[in-house]
Amino acid sequence: MRSDLGAVQNRFNSAITNLGNTVNNLSEARSRIEDSDYATEVSNMSRAQILQQAGTSVLAQANQVPQNVLSLLR
């Protein structure tokens, strides 16, 4: 009887250890997925900001063209 209870207790301890390892592994996997998504989004935001700045620069230069033409005609 005592040995049977000891065997059951050992199985429970083993199951608890395995579940703890599973929780840790899932937590690490989730963290890696979230971190990679964060990096992708930061990269996308940086790209969008660069494109916006380039567009603003092009518009500023385009707005100068009519003024330059008028100054040449004077």
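The values are calculated or read from the model by the stated rules, or taken from the named source; none is laboratory data. What you see is a predicted model, and the numbers here were worked out from it, not measured in a lab. Glycine also receives a Cβ, built like all others from the backbone with ideal geometry; neighbour counts cover every protein chain displayed.
Against the conditions (1) of a type in the set (D, E, K, R); (2) surrounded by 10 or more Cβ atoms within 10 Å (Cβ to Cβ); (3) modelled with pLDDT under 90, residue 2 satisfies every one except (2). Taking segment 18-51 as the range and being at pLDDT 95 or above and β-branched (Val, Ile, Thr) as the test, the residues that pass are 22, 23, 50.
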